[in-house]
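Step one of this worksheet: look at the structure below.
The values are calculated or read from the model by the stated rules, or taken from the named source; none is laboratory data. All figures in this text were calculated on a predicted structure; none of them were measured in a lab. Glycine also receives a Cβ, built like all others from the backbone with ideal geometry; neighbour counts cover every protein chain displayed. To get the accessible areas, we keep the full protein, side chains included, count just its heavy atoms, and leave off ligands, DNA and RNA. Shrake-Rupley method; radii C 1.70, N 1.55, O 1.52, S 1.80 Å.
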Amino acid sequence: MISSSHLNKIFLTLAIALTFSAIGSALICNVCSYTSAQPKAQQVCGNNTVNCATGYCFSSTYTTDTDLVVTVRSCDDPSDRSCPDADDTCEKRTSKFNLKSCAGMCCTTDNCNNYTPSSATSIMVAKFSLCVMVIVGFFLA
């Protein structure tokens, strides 16, 4: 039988190995944009990605005062920060550009911005995944 201290040492070793393996690897974000003015068949995102040095991917959807719906997914731009607080950024841009609505999200894992923020199904999947990770973490602690 493995003692508790041996298990802790194994877990610590794995955590250190994972940390060092993640250092130096760039975050990969999905990249696309489209508007409701485009034909429905073109209102999709392909498999375009970009290496992101800022540490945040984002996805946002907003509606202009002319009812044009715009969806954007990319790496957070250091010259025009959206992250880490996408809700605050949406509030500021809504008043600045007279937007009718704005929804945004920021995330920090590879390809995490692969959905539109107003998509309830994707949000539920993300929350479920987070819950599973927390439960597994409790069992390993």
Filtered residues of segment 90-105 (kept if farther than 20 Å from T35 by Cα and not charged (D, E, K, R)): S95
For Y115, all conditions in the list (1) at pLDDT below 90; (2) open to solvent by 40 Å² or more (accessible area, probe 1.4 Å) hold save one; what is the number of the exception? (2)
Mind checking whether some residue in segment 43-54 is open to solvent by less than 30 Å² (accessible area, probe 1.4 Å) and touching a residue at least 24 places away in the same chain (Cβ under 8 Å)? yes
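A quick yes/no check of all residues on (1) modelled with pLDDT of 95 or more; (2) hydroxyl-bearing (S, T, Y); (3) assigned to a helix (DSSP H, G or I):
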{"position": "A37", "(1), (2), (3)": "yes, no, no"}
{"position": "G46", "(1), (2), (3)": "no, no, no"}
{"position": "T54", "(1), (2), (3)": "no, yes, no"}
{"position": "V70", "(1), (2), (3)": "yes, no, no"}
{"position": "D77", "(1), (2), (3)": "no, no, no"}
{"position": "D80", "(1), (2), (3)": "no, no, no"}
{"position": "C83", "(1), (2), (3)": "no, no, no"}
{"position": "D88", "(1), (2), (3)": "no, no, yes"}
For segment 56-68, name all the residues that are among the β-branched types (V, I, T) and in a loop (DSSP other than H, G, I, E, B). T64, T66
